[in-house]
Every structure is written in C-alpha cells, then in structure tokens.
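Let me begin by presenting the structure, written as structure tokens, before commenting on it.
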Amino acid sequence: MKRGAYVHGYDPRENLRLQDQASTLAELLHSDTAYPEGSSVLEAGCGVGAQTVTLAANSPKARITSIDVSDTSLVEARKNVEAAGIRNVTLRQADIFHLPFSPASFDHVFVCFVLEHLVRPVDALLALKHVLKPGGTMTVIEGDHGSTFFYPESELASEAVRCLVALQARAGGNALIGRALYPLLMAADLSDVHVSPRMVYVDSSKPNLVEGFTKNTFTAMIEGVRKPSLETGMMSEGDFDKGIADLYRTAEADGVFCYTFFKATAVNGP
C-alpha cells in the first residue's frame, strides 16, 4: 500500500479548517512561489483547493492542472476555485501513483501537505518527477508536528499532539515529515535541493494568527482526533480535553504558540 488514510477526515469542519489554514499562511508559505506566463504547472493532491486559490492568484497567466484522488475533495475544490473567480485552473481526478500524463508534461510541480499522508513518499516524488520536464522545478511544502512548542507549557497538550502523530503513523503517514524533505528529495534524485524553514510565531499582538492559526488551524486539527485518540486508549477523556483546553490557553493574552513548516525546491536535472 502506498497511500495512507487521511487521518483528519472529510467532514465540513475539516474543509473550513483547511480554508483557515490556507488564508492565514498564504504570505508565509506562498509569497515566493510564482510561475511565468504560459508555463504548465501540476498541483498534486489539491484537496479542497485551499492552496489552489493562492497558487493560481500568484501565477494568473500560468496553466495549472490540479489533481486529487478524492472526488469528494474535488467537488469542494471546484466550488472554492469558482468562488474565487479563478480561470487558469483545470481540476481533475487522478492518483499520484498512476498519473494520466505523458512523461515531461509539466514545467513545474507543486506539492503541499501531501507527502505526510503517503506510505511511500519517495515513490510519489519519483512519479511526479516522471511527468516533470528536464530542468523543471518541484516545490514541496510540509509541516512537522514535532516542531510545536508553546507557553504556558502543558504536558497534556503535548500528549494530545503526539496522539495525532501516532494516529497518522498508524494510518501510514508521517506528521513529522517536514524535517525529512531534504533527504526525501535527494532520494528521488532531484538536484539543487534547497529547504527553508517557515516558522509561525503567534502571540496576542498578532490577533489574526491567534484566531486563524492557533485556534482554527492547529488546535482544531488536534481536537479533530479526539474520538480515535480515546477509542485507541491513547489518552483518557479528561486528559485529552484538558490538553485541548491548554492549547486554547496559549491563545490568551499572555500565551505564545510556535510551529515550523518546511518549504523545499528542487530541479529535475543533473
């Protein structure tokens, strides 16, 4: 099996969380990604189109093909793209491991928050490299839940985060994959690999990040695995709920929350 289960699920609350995440992090993650007029771009694993809208807005004259294996996600992606008035994106259902494109079809490949859910991420990169033109670029963005730290400190909050890491591992994914982007891209025989950490630092002087990231993105994501965490006996109900309360506590006036994303770029060539 090459693809792990999407541990966060597909309910409407997850769609909203992904939208909050994308809008909150657009500048941090995407400000330095833009593709030239006429270039062909493959966005692999577009999900509900949360990143697609920003990607397309930053490169309005590029031709973007956004794929996802989930028809359910693509329905939402189409709604989000149409609502944003985006005209340079083609959405289609496709599997990264069985791409319906000829070799060297694209000038650029963009992958965001996808590898963390795959059992064989290097195989995915090799499949994407196959449809990338020689000299074309690949951009990969992933988070790393092990980079989370906050004030006030709370062992129960940290344990709740570790529940998600463990559940994602059981599903065949890797919630700590951000730190591994360099070796993964090198293993796929890509060249000129460069990785840059993108830290989200949140305190009460940044109210948009308090709401958009600490509460609506990260804590909502951890809260979303409450049921499987309790069912598998990873934490007791009381401890898990206290951990979530402590994560929300970091969003108060004297709280601080930090998380690091990793953005990698590479070239298909020697």
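The values are calculated or read from the model by the stated rules, or taken from the named source; none is laboratory data. In this text the structure is predicted, and so the values were computed from the model without any measurement. We place every Cβ from the backbone using ideal geometry, glycine too, and count neighbours over all the protein chains shown. Please note that ligands, DNA and RNA were not included when accessible areas were found on the heavy atoms of the full protein model with its side chains. Shrake-Rupley method; radii C 1.70, N 1.55, O 1.52, S 1.80 Å.
Brief remarks follow.
- As a fraction of the 1.4 Å probe accessible area of region 114-175, surface on carbon and sulfur atoms comes out at 56 percent.
- Ranking by accessible area, most exposed first, for 144, 71 with a 1.4 Å probe: 71, 144
- For the chain, the per residue solvent-accessible surface stands at 44 Å², with DNA, RNA and ligands left out and a 1.4 Å probe.
- Hz values of 3J(HN,Hα) by residue in region 197-210 - Karplus curve (6.51, -1.76, 1.60), Gly and Pro given as x: x, 10, 7, 9, 10, 10, 9, 5, 7, 10, x, 5, 6, 4
- Accessible surface of region 16-113, 1.4 Å probe, proportion on carbon and sulfur as whole %: 50 percent
- Heavy-atom accessible area ranking, 1.4 Å probe, most first, across 223, 153: 153, 223
- Each Lys or Arg adds one and each Asp or Glu subtracts one; over the other residues with Cβ under 10 Å from the Cβ of residue 177, this totals -2.
- Between the amide H of residue 200 and those of 259, 260, 261, distances stay under 5 Å, these residues lying 5 or more places away or on another chain, with hydrogens modeled in the peptide plane.
- Charge tally for residue 198 (other residues, Cβ to Cβ under 11 Å; Lys, Arg +1; Asp, Glu -1): -3.
- Under Stokes-Einstein, with the Kirkwood radius over Cα pairs as Rh, the value for region 79-149 at 37 °C and 0.692 mPa s is 233 µm²/s.
- Projecting label points 7 angstrom from Cα along Cα→Cβ for residue 241 and residue 182 puts them 4.4 nm apart.
- Label-zone membership for region 238-270, site residue 205, 7 angstrom Cα→C-beta point, backbone N under 20 Å: 250-260
- Cut-off under 5 Å, modelled amide H: who pairs with residue 118 long-range: 4, 174
- Distance histogram for the chain (every C-alpha pair counted, 10 angstrom bins, percent rounded to whole numbers): 7, 30, 37, 20, 6, 0
- Scalar couplings 3J(HN,Hα) for region 42-57, obtained by applying the Karplus form with A = 6.51, B = -1.76, C = 1.60 to θ = phi - 60°, are 9, 9, 9, x, 6, x, 8, x, 4, 8, 4, 4, 5, 4, 5, 5 Hz; x denotes Gly and Pro.
- Ratio of Rg to Rh for region 132-270: 1.06 [Cα atoms; Kirkwood radius as inverse mean 1/r over pairs].
- Distances between every pair of Cα atoms in region 121-166, grouped in 10 Å steps from 0 to the bin holding the largest one, split as 20, 32, 19, 20, 9 percent.
- Each Lys or Arg adds one and each Asp or Glu takes one away; over the other residues whose Cβ falls under 15 Å from the Cβ of residue 151, this sums to -4.
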